């Protein structure tokens, strides 16, 4: 397949990523630890974007893949003393494999039934983890690694970069056209030859892969995993909030959304922590009512030139 | 050698028999009209042929190959496409993107979106919608949506079109325009078509042959002229001339 010439959107995103890389290198550990969590949020937002953003299948259980990645890394590092990078690889692989297995079943549901199934899956997975002493039996798995902020930082940075480029090219490709058609009108899509089953599974597996990878880096960054927080519903909601605020399905939206959700919450956390979910919730409601296409949609509508450039 | 053929197709929905032993031939580049009162099974027949529904019994063949056990998106590869009675455009995509999807995933299995978009533009101007190519499908008028539905079926590269009431709900002017456009397209593309229609004027002027369904059964087949004079057809539509018999 011939690769099309990239547009301004991709150049812009690459510049932002270059800035993020140099900020970590030049400004030191304090700044990079703030940006690390931002990048983890962004990685999660891009991963759910493949499912909810592009296909329109609302995934309330995306935290499941994050948890799978977290447990993969924590187990590998704490029991086998493996290199955390190996843990990230395993997290991604398990995310992919679980997405394949789960997707074959739950992608048969549509709309609200799919959404409910994703919630149930998380509850089931949480209760399964509680049964296994090897997985901490509901407690925690912690490990001690030498502090290596740059290694963690550039791992998640690389994951986000891959996600951005992939999102961009998937949207422009044949697969992107097919996935958008499914999002718009699934039955009509199959009536012109699109195979919804294959394409939906592809999108879901991409979501699982990157969700797993991001979850592994998250566990790496906090040196462990704890059952309760690992399956916290709030993560799923935050991921959804990020793509809704940024602009569903787009290449810029998840990063924009991650910034909008994360930066204020970082400052609020030190002052009024309880206000954070409230404010994000309000913002999502306002966006859903007045700006269903998120910030990207707003920018596109405001300016004809932006409409052609923003993807 | 007929191109599309159906033999003794029956379809049950629970206890209701929607189609009873329906057979038909659709030779190459022929237009077959399909009429009948509401609920007579016209749309069900199209759905069965297009793979949306599986027949309870009977066989559908395309160029001699059985297609009655294939799914819709596979049947497209054999060159058969169906329009929807109520247009189902990809609402948040532009008219040209709507067609591009059909070009990419249709019979020709194109891989370049750029080529598909060019192809889409060509087909849009063929159906006289060139000026609307960048409009979101959602913002099109009813007539334009119906036309987009037809154009999208053509864009799949199909040589057999199953058209479900593409002429319904149009004003007399629009109807005249659409009939004329259909004739022009048929001359240029030589597709064969199975046309389900309530608008008699459209069916009779387009079809070489007309088939009449009533309660899932074929009650008459013939030229448009024969059909309008057929006793059974008149009875099905208007009731018996002489209620005593």
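What follows is calculated from the coordinates using simple rules that are stated; it is not laboratory data. In this text, all values refer to a predicted model and were calculated from it rather than measured experimentally. Note that each Cβ is placed from the backbone with ideal geometry, even for glycine, and that neighbours are counted across all protein chains shown.
Modelling each spin label as a point 7 Å along the Cα-to-Cβ direction, I'd like the residue A:124/residue A:198 distance in nm, to one decimal.
2.7
How far, in degrees from 0 to 90, does helix B:95-105 lean away from the longest principal axis of the Cα atoms of chain B, to the nearest 10?
Once rounded, one gets 80 degrees.
So what does log10 I(q)/I(0) come out to for chain B at q = 0.08, 0.13 Å⁻¹, using the Debye formula with one equal point on every Cα and no solvent?
Reported log10 I(q)/I(0), two decimals: -0.30, -0.80.
So what's the back-of-envelope 222 nm ellipticity for the protein assembly as shown, counting only DSSP H runs of four-plus at -39500 (n - 2.57) apiece and dividing by all residues, rounded to 500?
-19000 deg cm²/dmol
Of all DSSP beta bridges in chain B, what percent run antiparallel (nearest 5)? Don't skip to the answer; put the middle values down first.
On the way: 20 of 36 bridges.
Counting DSSP beta bridges with both partners in chain B, the antiparallel share is about 55 percent.
Round to the nearest 10 and give me the degree value, 0 to 90, for the angle of helix B:113-126's Cα axis relative to the longest principal axis of chain B.
Once rounded, the angle reads 60 degrees.
Rank by packing, highest mean first: peptides B:142-148, B:51-57, with packing defined as the count of other Cβ atoms within 10 Å averaged across residues.
On the way: B:142-148: 20.7, B:51-57: 17.4.
Ranking the peptides B:142-148, B:51-57 by packing returns B:142-148, B:51-57.
Bin width 20 Å, alpha-carbon pairs only: give the P(r) of chain A as whole percents, running from 0 to the bin holding the largest distance.
The calculated distribution, bin by bin, is 33, 60, 7.
Need the full-extension length gain, residue A:286 to residue A:116, defined as separation in residues times 0.36 nm minus the C-alpha distance. One decimal, nm. Walk me through the intermediate numbers first.
Working: separation 170, 0.36 × 170 = 61.20 nm, distance 2.36 nm.
Stretched out fully, the residue A:286 to residue A:116 stretch lengthens by 58.8 nm.
Counting every Cα pair in the protein assembly as shown, what percent are over 34 Å apart? Intermediate values should be presented prior to the final figure.
Details: 74506 of 154290 pairs.
Of all Cα-Cα distances in the protein assembly as shown, 48 percent exceed 34 Å.
Given R₀ = 41 Å, what would the calculated FRET efficiency be for residue A:232 paired with residue B:180, taking r from the Cβ atoms and rounding to 0.05? Provide the component values of the computation, followed by the final result.
Values: r = 63 Å, r/R0 = 1.54.
E between residue A:232 and residue B:180, to the nearest 0.05, is 0.05.
Sort A:59-66, A:293-300, A:118-125 by packing, meaning the average of other beta carbons within 10 Å per residue, with the highest value first.
On the way: A:59-66: 28.1, A:293-300: 20.2, A:118-125: 16.8.
Top to bottom by mean Cβ count within 10 Å: A:59-66, A:293-300, A:118-125.
Counting other beta carbons within 10 Å of each Cβ, put B:223, A:223 in order, fewest first.
Working: B:223 12, A:223 16.
Result, fewest neighbours first: B:223, A:223.
Among A:73-83, B:177-187, how do they line up by average Cβ neighbours within 10 Å per residue, starting with the highest? List each step's numbers first, then the result.
On the way: A:73-83: 18.6, B:177-187: 15.5.
Ranking the peptides A:73-83, B:177-187 by packing returns A:73-83, B:177-187.
Relative contact order, percent, of region A:16-119 when contacts are C-alpha pairs under 8 Å separated by at least 6 residues?
Working: 70 pairs, mean separation 26.2, N = 104.
Result for region A:16-119 is 25 percent.
Which angle from 0 to 90°, rounded to the nearest 10, does the C-alpha axis of helix B:172-189 make with the longest principal axis of chain B?
With rounding to tens, the tilt is 80 degrees.
Work out the mean other chain Cβ neighbour count within 10 Å for the residues of B:79-89 and drop it here as an integer. Provide the component values of the computation, followed by the final result.
Numbers: counts 0, 0, 3, 2, 2, 4, 0, 0, 2, 7, 3.
Averaged over the peptide's residues, the number is 2.
P(r) of region B:65-176 in 5 Å steps, Cα pairs, percent per bin?
That works out to 2, 13, 23, 24, 21, 10, 5, 2, 0, in percent per bin.
How crowded by other chains is A:168-175, given as the mean number of beta carbons from other chains within 10 Å of each beta carbon? Present the calculation step by step, with values, prior to reporting the outcome.
Numbers: counts 0, 0, 0, 0, 2, 4, 11, 2.
Neighbouring Cβ atoms belonging to other protein chains average 2 per residue here.
For region B:1-137, what is the relative contact order in percent, using Cα pairs closer than 8 Å and at least 6 residues apart in sequence? Intermediate results must be reported in sequence, preceding the final value.
Values: 194 pairs, mean separation 26.2, N = 137.
Normalised by residue count, the contact order of region B:1-137 is 19 percent.
Average partner chain C-beta neighbours within 10 Å, per residue of B:103-112?
Values: counts 4, 10, 11, 3, 1, 1, 2, 1, 4, 5.
Taking the mean over all residues of the peptide, I get 4.
Would you mind computing, in nm to one decimal, how far apart the modelled labels at residue A:298 and residue B:56 are, each placed 7 Å from Cα along Cα→Cβ?
5.7
Taking only C-alpha pairs under 8 Å that are 6+ residues apart, what is the relative contact order of region A:8-244 in percent?
Numbers: 367 pairs, mean separation 98.3, N = 237.
Relative contact order comes out at 41 percent.
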